[in-house]
Structure formats: structure tokens, C-alpha cells
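A short write-up of the structure that comes next.
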Amino acid sequence: MDMDFRSAAPSRKIRDYCFSIAEKFPSVSLFTIGCSLSGQPIDCMSIGAGEICHIVVGAHHASEHITALICVKFVCDLAKAVRDGMFLVGFDAKQIFSRRKIFVVPVINPDGTDIQQGVFPCGHILFPRLVSMNPSGRDFTHWQANARGVDLNHNYDAGFADCRLLERNAGIYSGGPSRFGGQYPESEPETHALCNLTRFLAPQLKTAVALHTQGEEIYYDYLGDCPRGSLMLAECFSRVSGYTVSKPSGIASYGGYKDWVISKLGIPAFTIECGKGENPLPPSDFDNIYKKVLPILLTAAAFG
Ligand SMILES: [Zn+2]
């Protein structure tokens, strides 16, 4: 199957890409870590034969679905380099493969990405509620949340009460396009599935990287704290990509996947804000973004 990384892809298409990669490359395994609220599978590809584990996850936020394509191309390029015994931008793919196992979840929010792209079925039982909680009605261009209107990257168990307070101060009391963190941490099937995968891998897990857009920034701490090696790695990411090492502020400081991995598991975790512009970034930006993010993902994969 031909993969087109310069067109926005709904979750079904990303799924087809994952199947086609797993079929083409025996080094890649494909499995499901759970289901979204509407029952769509959440796929995970793994590549590598080693014991040291790394996680890469894309598309927490619906309008940032270009990150799913980055994940897919990353696995595809790594698998190709492993098969051909090639280096990938200076990294020895075979060495990464033999010592490590990289788990890549391209779309943690499949419902959201479909809602944002206007392909979530309007006959679905959840659809009327989605329209009613969206200030722009049937225009979901700026939708970030899942199909319950929960912002998945505010639904992790890291400063949840503080996050709730900031939501209230911003007048957010219930589901909507973004920023509502849900009723309790991991209330959403998508976050729960990713936490389960992460907890399962935790004893061998060396890094977790969540891809977002936009800003060309690297976030590596939680309220000023971070596990050993985090800042050094963030600075390496910055050197290989030209992205800036940053610290979050306001509501972005709490409840994210990176925050939970850092504070509850004590493992280096990062949010990478890919690309620059206004979300959703145009698919024509893909090549430039990928060129800068690929060395970050390889640097993370080579750590530990
Ligand atoms: Zn985001």
C-alpha cells in the first residue's frame, strides 16, 4: 500500500498504514492496547528485539493528527533501515533494534482525530452531544478532545486537582473542544489504555515521548522536577532538531502524559511540540517537521 504522508489521514487510514507496515516488515509487531470511547481500536506497533523499552505516542489532541503520520513514518523508516542494515540520520538502526524495543502508538485519540476531520459518523449515538458541546456546532476544525469532550492530555493523574481549579477559573465545567480534564484521572478509555501499557513496560522503560503541535519546543519537567538524565536528553533533542528546551506554564503544567510518567513512574518523559504555525498544521508541512523530529525520536530510542 502506498503511504501518503502529505495528506491528513483519519484514524482508519492510519490503521491501514500500520497493518501494511507490519505485513511488509517482520521486525514490526502490531497489536491493540485498548479501544476508544466509540469502540475504535487503539493500535500500537513495536519494533526491536531488546529489553530496554521506549514509548512514542501521537495524536493526543485531535487537531494535531499530523503527529500520527510522524509516528507511522518513523516506524516505517526504522524498519527499512533495520532490514537493509543501514544507518538512519547517523544512527545505527540494527544496534537500536538489537538492544531496544520501541512501542509506537500513532493515534491515542482516534475518535477525536475523526471528529476533527469531519469523518466521525454523524449517525453515531455520541454525535448530537458532540455538536451540542462544540461552540462552533458542526465545525470541528479546532476540536482537541475525545468523543466525550475530555481533553486527554489533562486526564492523567498529575496535579489533577490543580488542573481542575484552573479549568474552573477559566469557566470550564464540562466537556468541550479542549481543556476539560474529565471526571477523574484516567476516566477515559484512551488514557487508561496508554497508562496500562506504560505501567506494564515501566520496569524496562527508559523514555516516553508524546508528540504534539506546535511551537518547535521540548518540555521535559513536571513542576520543576525531572528524573535523572531528562535535561541532558532534552538538550540533545534540541541540538539535533533546533527545537527550544522550554518549561510549561498555566494549565499546560498539569495532567499531561509526560507529567504522569515523570511524577508517578520517575521515568524521563517529554512533550515535543512539532512544527510551527496554527493548528491544524497543513499536511504540506510534513516533510520539514519530520526532518527535525526524526533525530529526536532516534536520540530517545538510543538512550539507556
Ligand atoms: Zn497538544
Review point. Which value at 222 nm does the chain reach when only helices count, each DSSP H run of 4 or more adding -39,500 (n - 2.57), with the total divided by all residues and rounded to the nearest 500 deg cm²/dmol?
Key: -11000 deg cm²/dmol
Point to revise | Residues whose placed amide H lies under 5 Å from that of Ile52, excluding near-sequence neighbours | key: Lys101
Review point. At what distance in nm do the modelled label points of Asp2 and Ser284 sit from each other, each positioned 7 Å from its Cα along Cα→Cβ?
Key: 2.0
Review point. Using 1/(1 + (r/R0)^6) with R0 = 45 angstrom and r between the beta carbons of Ser132 and Met232, what's the FRET efficiency to the nearest 0.05?
Key: 0.40
Point to revise | Potential extension, Lys80-Lys24 segment - 0.36 nm per residue separation minus Cα distance | key: 19.2 nm
Review point. Which FRET efficiency value, to the nearest 0.05, do you get for Ala161 and Asp16 by plugging their Cβ-Cβ distance into 1/(1 + (r/R0)^6) with R0 = 41 Å?
Key: 0.50
Review point. Based on the Cα atoms of the chain, what semi-axes does the equivalent ellipsoid have, where each is the square root of 5 times one gyration tensor eigenvalue, given in whole Å with the largest first?
Key: 28, 22, 17
Point to revise | Whichever aspartates and glutamates have a C-alpha closer than 14 Å to that of Lys101, once near sequence neighbours (fewer than 8 apart) are set aside | key: Glu51
Practice item. Mind checking the per residue accessible area of the chain for me, 1.4 Å probe, whole number of Å²? Key: 40
Exercise for review: May I ask you to give the percent of accessible area on the chain that is carbon plus sulfur, with a probe radius of 1.4 Å?
Suggested key: 52
Review point. What FRET efficiency, computed as 1/(1 + (r/R0)^6) with R0 = 30 Å and r the Cβ-Cβ distance, is obtained for Val119 and Leu223, rounded to the nearest 0.05?
Key: 0.20
Practice item. Quick one: what are the phi-derived ³J(HN,Hα) couplings along the stretch 220-232, Karplus 6.51/-1.76/1.60 with θ = phi - 60°, whole Hz, x for glycine and proline? Key: 9, 10, 10, 6, x, 9, 7, x, 4, x, 5, 5, 4
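The values are calculated or read from the model by the stated rules, or taken from the named source; none is laboratory data. Treat the numbers as computed from the prediction; the structure is a model and nothing was measured. In this analysis, Cβ positions are derived from the backbone assuming ideal geometry, glycine residues included, and neighbour counts consider all displayed protein chains. We work out accessible area using only protein heavy atoms, side chains counted, and drop any ligands, DNA or RNA first. Shrake-Rupley method; radii C 1.70, N 1.55, O 1.52, S 1.80 Å.
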